[in-house]
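The values are calculated or read from the model by the stated rules, or taken from the named source; none is laboratory data. Computed from a predicted model, the values in this text were never measured in an experiment. Glycine gets a Cβ as well: all are built from the backbone with ideal geometry, and neighbour counts include every protein chain shown. Just so you know, the surface numbers come from the protein's heavy atoms only, side chains and all, with ligands and any DNA or RNA stripped out. Shrake-Rupley method; radii C 1.70, N 1.55, O 1.52, S 1.80 Å.
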Amino acid sequence: MASQPTPATASPNRADALRTALATRVVVADGAMGTMLQAQDPSMEDFQQLEGCNEILNVTRPDIVRSVHAEYFAVGVDCVETNTFGANFAALGEYDIPERVFELSESGARIAREVADEFHESTGQERWVLGSMGPGTKLPTLGHAPYVKLRDAYQQNAEGLIAGGADALLVETTQDLLQTKSAILGAHRALEATGANLPIICSVTVETTGTMLLGSEIGAALTALEPLGIDMIGLNCATGPAEMSEHLRYLARHSRVPIACMPNAGLPVLGKDGAHYPLTASELADAQETFVGEYGLSLVGGCCGTTPEHLRQVVERVRGLAPSE
């Protein structure tokens with residue numbers, strides 16, 4: 001395999017193109033990753049006996065990870081998230097492999113980069129990679145883990161994503177503002193250390209209670225996070241689009257940076273076969289089209305329960321639209 005271009009020379013043009021796209025049109029990201037990986041029934045050997053650690057598949061079964069990215073790019077999305085949601089100190093620590101943060105982050109970004117480049121070449125449509133930096137399982141506000149340890153591990157996470165060819169860093173599904181800060185500052189430290197200049201996107205998770213898990217309202221989140229030098233703020237996970245509307249309205253009125261929205265396919269409904277997400281593809285597309293018009297979203301996508309068909313319809317609905325002022 002040819003050596004990968006260094007991020008300091010390879011990323012700026014793509015990152016600048018992504019910034020331009022976000023400023024001038026609605027950019028569409030992908031949907032759920034974990035359920036699509038699990039649907040391919042990886043073995044315990046694939047997981048290196050670490051069942052459920054999806055990031056391991058970046059090194060043992062890159063073909064599975066590639067296929068998920070390809071399914072989303074095939075329906076026209078502009079960007080995919082790397083399979084690195086759990087490539088952080090807290091999540092990998094649960095499997096006793098925290099030393100693999102950089103390795104699994106780099107491999108996840110490299111797989112997504114290769115697929116993105118293939119689709120760019122074959123279709124002529126620019127494709128981007130969002131480096132996923134998930135929340136982990138520790139809440140530093142509650143003393144679950146030291147802030148500095150989390151921040152430094154997020155720096156490794158981000159440096160791996162940059163080395164693998166990510167075009168932006170996506171701090172996502174955050175529930176604790178101190179954890180969010182550790183990830184954002186870790187991302188900044190990684191950008192400084194590598195000389196890369198990528199956008200930092202921050203997406204918080206607001207529960208059905210109307211606040212983040214630890215009680216912060218959307219206004220508090222915006223006040224705390226915007227000064228940290230993020231390029232975009234948004235919402236993802238926890239709820240469907242209906243429950244996000246009020247919070248997006250607040251961001252539209254008060255945020256000085258662009259806005260993103262990646263909802264679940266509705267609130268889960270528990271049945272005999274487990275949780276089912278009821279929102280149809282057309283309903284998600286309706287919601288995202290409405291949000292673009294009312295709240296000026298720049299980046300839209302999906303989270304739990306959303307499939308390539310959901311995103312295909314979103315792409316069709318928002319293609320050509322620009323973020324409203």
In the stretch 192-237, residues that are within 22 Å of L299 (Cα to Cα), without any contact (Cβ under 8 Å) to a residue 24 or more places away in the chain and assigned to a helix (DSSP H, G or I) total 2
Screening E114, E121, E126 for residues that are outside any strand (DSSP E or B), in contact (Cβ under 8 Å) with a residue 60 or more places away in the chain and either among the polar types (S, T, N, Q) or open to solvent by 10 Å² or more (accessible area, probe 1.4 Å) (or both) leaves only E126
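Of all the residues that make up the stretch 245-271, how many are open to solvent by less than 60 Å² (accessible area, probe 1.4 Å), at pLDDT 95 or above and more than 18 Å from V27 (Cβ to Cβ)?
The number of residues fulfilling the criteria is 5.
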>> V101 - would you say it is more than 17 Å from D167 (Cα to Cα), touching a residue at least 40 places away in the same chain (Cβ under 8 Å) and either outside any helix (DSSP H, G or I) or over 16 Å from the mean Cα position of the chain (by Cα) (or both)?
In response: yes
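On the given criteria, is F102 under 23 Å from T174 (Cβ atoms) and open to solvent by 70 Å² or more (accessible area, probe 1.4 Å)?
Here the answer is yes, as F102 does meet what is asked.
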Here the qualifying pairs (Cβ atoms under 6 Å; residues six or more apart or on different chains; first in the stretch 238-249 and within 14 Å of A285 (Cα to Cα); second open to solvent by less than 70 Å² (accessible area, probe 1.4 Å) and part of a helix (DSSP H, G or I)) come out as P241/A287
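Determine if the stretch 168-177 includes at least one residue that is open to solvent by less than 30 Å² (accessible area, probe 1.4 Å), farther than 28 Å from P98 by Cβ and either charged (D, E, K, R) or not in a strand (DSSP E or B) (or both).
no
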(1) modelled with pLDDT of 95 or more; (2) open to solvent by less than 40 Å² (accessible area, probe 1.4 Å) all hold for A90 apart from (1)
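Anything in the stretch 72-87 that is of a type in the set (A, V, I, L, M, F, W, C) and either assigned to a helix (DSSP H, G or I) or open to solvent by less than 10 Å² (accessible area, probe 1.4 Å) (or both)? List them, or say none.
Matches in the stretch 72-87: F73, A74, V77, C79, V80, A87.
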When the stretch 276-321 is checked residue by residue, the ones that are part of a strand (DSSP E or B) and open to solvent by 60 Å² or more (accessible area, probe 1.4 Å) are H276
